[in-house]
Structure formats: C-alpha cells, structure tokens
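So the structure is just underneath, and the comments pick up after that.
The values are calculated or read from the model by the stated rules, or taken from the named source; none is laboratory data. Worth saying up front: this structure is predicted, and the values here are computed from it rather than measured. Backbone-built Cβ (ideal geometry, glycine too); neighbour counts: all protein chains shown. To get the accessible areas, we keep the full protein, side chains included, count just its heavy atoms, and leave off ligands, DNA and RNA. Shrake-Rupley method; radii C 1.70, N 1.55, O 1.52, S 1.80 Å.
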Amino acid sequence: MSILPQEELVKKWESEQASLRQQVVEEDTEDWQRCPDFTGLERVGGVDLSFIKGDDVNACAQLVVLSYPDLELLYEDSQMVTLTAPYISGFLAFRETPYLLEALQRLETTQPSLLPQVVLVDGNGLFHYREFGLACHLGVLSGLPCIGVAKNLLQVQGVEKSEEHQSQIASLQKGGDSFPLTTNSGKVLGRALRSSDSSTKPVYVSVGHKISLDTALHLTHSCCRYRVPEPIRQIRSQSDE
DNA sequence: GCGACAG
DNA sequence: ATCTTGTCGC
C-alpha cells in the first residue's frame, strides 16, 4: 500500500466530494416531512465517534435510535474501531463515515425494522467549504435522510464570527429562534438555531440529504431537551448509564 | 507573522 | 475530538 502525501490526498478527496456532491437531494422526499407535526415519523437516529484522551486512532463508533416524539432509546450500538484516515478540516467524512455506515449496515442486517427514518449527524452538511460535509457524505452513501448539526461555527464562504454574527446570536430570544447562514454569493447554506430556552450558544443546522432546510431546522429543534439534540446527546450519556 | 481549523 | 474544578445563576 502506498502512502500519498497529504497534498495529493486532499486533491483526491476534493474530487471525490465534487462527484458525490451531485447526488445530494436538498428537498423533502418523505411523507412524514410534509406533515405538520411529522406524523409518520417514529424513529430518529444519531451517530458519532468518541475518543479517549491521548488517542486519536482508536475510537468508539456509536449509533442510537430513539423513538419519536418521545425520544426514548430503542437501539444502541457501540463498536471500537481503528481509524486509518487523518483528521483534516473539511474532510471529516473520510475519517468517520466508513464506521458510521458499518453501524447502519449492522442494524439493517439484524433488525431492519429499527432503521432510523432520519439521522442527526454530529457535524455539518451543506454548510461546508465545498457544500459537502459529513452529513451529506453519510446521507448519499447510506441513502437515508440526514441532518448536519455542528456545535461550532465553521467559517466558510464569507460566513464568519463577525460583530454582525455575534449580534445575530444575541438577537435569538428563545428556543427555536434562528437566523440564516448566508454566503457572500447569497446562498443560504444552513441556519444558526437557539436549540433551547436555556442555552445561549446556538447549534448550526444544515441539510445533509433528502430533507429541506426548513424541515431539518424544525425537526432538530423538536429533538432538543438541552442544547445538543437528544439523538446526539444520548450517545455521550450512554457510556455511564 | 497571524489567525483559523466541523470532529 | 479530549484534558479538567469550581463557580455563578435560575
């Protein structure tokens, strides 16, 4: 096996992103997405990789499936994995997607009736340097509707932590309030969401696959008891329960 | 040289 | 991502 220099790796990954980007569906495709209170939606998934202190090679790949709208645990899968790809900002998917896909495939094989109807992904979707973040990548490869939920702002295409951005955050009064993340060319790539009344710092929601931004925003908010949506949050609290 | 850098 | 204690406020 040959090791590519990072510069070559990035070129290869960029072209792979460009080709997969064309397969992203940015609209609602499911019946439940068009119902006012998401009637028909029964299972919401969450995926994440977690690490331990000094080790960035071994990680725990986790998938949870929660009931909707009660957000109770229906399924949980944890698998220790050894990562092969490095973390490079903008290319998170190449590091994490293979193991998240494996988890979804294990579920599909063993208990297909528990497959989630939508997956909340820890990271960005279209709100990305090349409009193809982790949530898009996992969505296209799995075929499942996916939503990107990032806890930190990625500064991309003119969206930045400016005075303007800070004042927009300050203007979010209550849980559910949001404002658009608009590029310098005028395209809305996502929305900053105040996810609960008690949290000041927003989360950044963007389309992953097979869902509209409006639906993604409302569903994400309806999954929030605290700042981080339950499907993603319950993964972390899982380890000590 | 300095800031930025999803997870 | 992860290391970490207390502390302030509701």
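Scanning the stretch A:32-51 for residues that are of a type in the set (A, V, I, L, M, F, W, C), in a strand (DSSP E or B) and either under 19 Å from residue A:88 (Cα atoms) or away from DNA strand B (no atom under 14 Å from the Cβ) (or both) yields A:44, A:49, A:51.
Rundown of residues vs (1) within 25 Å of residue A:65 (Cα to Cα); (2) aliphatic (A, V, I, L, M), yes/no style:
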{"residue": "A:158", "(1), (2)": "no, no"}
{"residue": "A:163", "(1), (2)": "no, no"}
{"residue": "A:173", "(1), (2)": "no, no"}
{"residue": "A:178", "(1), (2)": "no, no"}
{"residue": "A:184", "(1), (2)": "no, no"}
{"residue": "A:203", "(1), (2)": "yes, yes"}
{"residue": "A:218", "(1), (2)": "yes, no"}
{"residue": "A:222", "(1), (2)": "yes, no"}
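Here residue A:197 fulfils each of the conditions (1) assigned to a strand (DSSP E or B); (2) within 16 Å of DNA strand C (Cβ to nearest atom); (3) of a type in the set (D, E, K, R) apart from (1).
Yes or no, residue by residue, for (1) away from DNA strand B (no atom under 15 Å from the Cβ); (2) at pLDDT 95 or above:
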position: A:65; (1), (2): yes, yes
position: A:68; (1), (2): yes, yes
position: A:74; (1), (2): yes, yes
position: A:87; (1), (2): no, no
position: A:91; (1), (2): no, yes
position: A:97; (1), (2): no, yes
position: A:103; (1), (2): no, yes
position: A:107; (1), (2): yes, yes
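Going through (1) assigned to a strand (DSSP E or B); (2) buried (at least 18 other Cβ atoms within 10 Å of the Cβ); (3) under 17 Å from the mean Cα position of the chain (by Cα); (4) within 16 Å of DNA strand B (Cβ to nearest atom) one by one, residue A:59 falls short only on (3). Scanning the stretch A:125-145 for residues that are under 18 Å from residue A:90 (Cα atoms) and of a type outside the set (A, V, I, L, M) returns A:125, A:127, A:128, A:129, A:130, A:131, A:132, A:133, A:136, A:137, A:139.
The residues of the stretch A:109-132 that are away from DNA strand B (no atom under 16 Å from the Cβ), within 16 Å of residue A:46 (Cβ to Cβ) and open to solvent by 10 Å² or more (accessible area, probe 1.4 Å), listed by number, are A:114, A:115, A:117.
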